[in-house]
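Reviewing the structure listed below.
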Amino acid sequence: SKMLYNGQIMERDNVIDIEDRGYQFGDGIYEVMGVYNGKPLMMDEHMERLERSAREIRLTLPASTKVLKNNLEKLVEVNELKEGIIYMQVSRGIASREHGFPDSKTPAITVAYTREEERESDVEDQGATAILAEDIRWLRCDIKTLNLLPNVMAKQKAVENNAVEAILHRGDTVTEASASNVFIVKDGELYTHPADNYILNGITRRKIIQICNNELNINVHEQMYTVDDLLHADEVFISATKLDIIPILKIDDQTIGRGKPGEITKQILQHFRSLYE
Ligand code: PDD
């Protein structure tokens, strides 16, 4: 399939320079966008977050988000992608390896490609298990940077335990998961970590909060909660692009609620699906 390289659609090829700062330092940012029935979902929100990430690491995007969005839509079209994701990253460019930024004439490098991916409807309906892992990441988890080694290590631990995710905690406080946000339900109300520097403010997360406020009349508390609150919640679910919403039925050895997908989780999932079905 085709890829996007600095605004140009070309054959997917080995184009990464060994002195690309994304490759050497993880010095760059990225976005993953879901494509449903040939249409990217919530693209504007993803572009806005990309802009914010760029600003926070002092990276100048090589094109306006309007142009980037147009190019990504073109890529989806030429690849005839129906179900899957768009991956896009912007690195601080190619320059002789020095930790400090290259001079201002060095342009950022944008690459994007698409991948076909089936929807995880079965897991969404049936739920899955998760494990706990200590959150050892830096203190700017709000930036969607290419530096994902702590996330990779946590997810691998989940994989080795046949779990769908590693739910991260800093001491007693639950933050998010290795590649998704975490929600708990207690007495009919939702709790999720506030969108500060300790978590990535997920696009799916924001949509879920909107759905609860505007459509379902469910109270959402963006506040910190503990590992103990998590393990004794009525319902737990995770959220991320394309994975959407997955009920968590067991964490380590602890069964959550009745060990079945909860009613509130199912309602939210149903409303979320109506965004693309
Ligand atoms: N991950 N938290 C982390 C650490 C994430 O990596 C992600 C997404 C999310 C959910 O964000 P969103 O709803 O905007 O996808 C939360 C993407 C999918 C990834 O790295 O593959």
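Every number here is computed from the coordinates shown, using simple stated rules; none is lab data. All figures in this text were calculated on a predicted structure; none of them were measured in a lab. Here the Cβ positions follow ideal geometry from the backbone for every residue, glycine too, while neighbour counts run over all protein chains shown.
Go through segment 89-104 residue by residue and turn each phi into a ³J(HN,Hα) via Karplus (6.51, -1.76, 1.60, θ = phi - 60°); whole Hz please, and just put x for glycine and proline.
These are the phi-based 3J(HN,Hα) values: 9, 10, 9, 6, x, 10, 7, 3, 5, 9, 4, x, 4, x, 5, 5 Hz.
For segment 158-197 and segment 229-277, what is the centre-to-centre distance using only Cα atoms, to the nearest Å?
Cα centroid of segment 158-197 versus Cα centroid of segment 229-277: 11 Å apart.
At a Cα cut-off below 29 Å, give the lysines reachable from Lys266, other chains included and same-chain residues fewer than 8 away excluded.
Candidates past the 8-residue exclusion: Lys39, Lys82, Lys144, Lys155, Lys157, Lys186, Lys207, Lys242, Lys250.
Taking segment 156-277 as the region of interest, what is the percent of Cα-Cα pairs per 10 angstrom bin, listed from the shortest bin to the one with the maximum distance?
Going from the shortest bin to the longest, the percentages are 13, 50, 33, 4.
Could you work out which residue, out of Asn14, Asn71, Asn201, moves most in a Gaussian network model of the chain, that is, has the largest mean-square fluctuation with Cα springs under 10 Å?
Most flexible of the set in this elastic network: Asn14.
When DSSP assigns beta bridges and you keep just the ones with both residues in the chain, what percent turn out antiparallel, to the nearest 5?
80 percent
Within segment 233-253, which residues have the backbone N less than 16 Å from the label spot 7 Å out from Glu263 along Cα→beta-carbon, could you tell me?
Of the residues in segment 233-253, 234-236 have backbone N under 16 Å from the label point off Glu263.
Considering the dipole of the chain built from charges on the beta carbon (Lys and Arg +1, Asp and Glu -1) around the Cα centre, which of Gln223, Ala112, Gln156 is farthest to its positive end?
Value: Ala112.
Give the calculated FRET efficiency between Ser1 and Asn37 to the nearest 0.05, with a Förster radius of 22 Å applied to their Cβ-Cβ distance.
Once the sixth-power term is evaluated, E becomes 0.75.
Calculate, for Glu56 and Arg206, the FRET efficiency according to 1/(1 + (r/R0)^6) with r their C-beta to C-beta distance and R0 22 Å; round to the nearest 0.05.
The formula returns an efficiency of 0.80 here.
Based on alpha-carbon positions alone, could you give the equivalent ellipsoid semi-axes of segment 1-47 from the gyration tensor, as √(5λ), descending, whole Å?
24, 16, 8
Under a 10 Å cutoff between Cα atoms, tell me which one of Glu51, Glu80, Glu165 has the largest fluctuation in the Gaussian network model of the chain.
Checking each option, the largest mean-square fluctuation is seen for Glu80.
Pop out the Kirkwood hydrodynamic radius of segment 119-227 from its pairwise C-alpha distances, inverse of mean 1/r, in Å to one decimal.
Working: mean 1/r = 0.0682 Å⁻¹.
Evaluated on segment 119-227, it is 14.7 Å.
Which values of log₁₀ I(q)/I(0), to two decimal places, follow from the Debye formula for segment 83-129 at q = 0.17 Å⁻¹ with a uniform point scatterer at every Cα?
Relative scattering, expressed as log10 I(q)/I(0), comes to -0.66.
Expressed in nm², what is the orientationally averaged projection area of the convex hull enclosing the Cα positions of the chain?
Working: hull surface 57.7 nm².
The number I arrive at for the chain is 14.4 nm².
Give me the dipole magnitude in Debye, nearest 20, for the chain about the Cα centre, with unit charges on the beta carbon: positive for Lys and Arg, negative for Asp and Glu.
That gives a dipole near 740 debye.
What nm distance separates the two modelled labels at Glu222 and Asn70, each placed 7 Å from Cα along Cα→Cβ?
3.3 nm
Identify which of Glu176, Glu215, Glu56 has the largest mean-square fluctuation in a Gaussian network model of the chain, with springs joining Cα atoms closer than 10 Å.
With Cα springs under 10 Å in the chain, the top fluctuation among Glu176, Glu215, Glu56 is at Glu215.
Based on DSSP H runs of at least 4 residues, each adding -39500 (n - 2.57), what is the mean residue ellipticity at 222 nm of the chain after dividing by all its residues, to the nearest 500 deg cm²/dmol?
Details: 8 runs with 76 residues, N = 277.
That calculation yields -8000 deg cm²/dmol at 222 nm.
Can you pull out the trypsin sites (Lys or Arg not before Pro) in segment 95-125 that DSSP calls coil and that have at most 13 other Cβ atoms within 10 Å?
Those that pass, being in a loop and sparsely packed, are Arg97, Lys105.
Any chance you could run the full-extension gain for His232 through His99? It's 0.36 nm times the residue separation minus the Cα-Cα distance, nm to one decimal.
43.4 nm
How big is segment 2-116 on each of its three principal axes, counting only the C-alpha atoms and giving the largest first in Å?
Result for segment 2-116: principal-axis Cα extents of 44, 29, 19 Å.
Find how much the distance from Thr255 to Glu118 grows on full extension, using 0.36 nm per residue of separation minus their present alpha carbon separation; answer in nm with one decimal.
Once the chain is fully extended between Thr255 and Glu118, it gains 46.5 nm.
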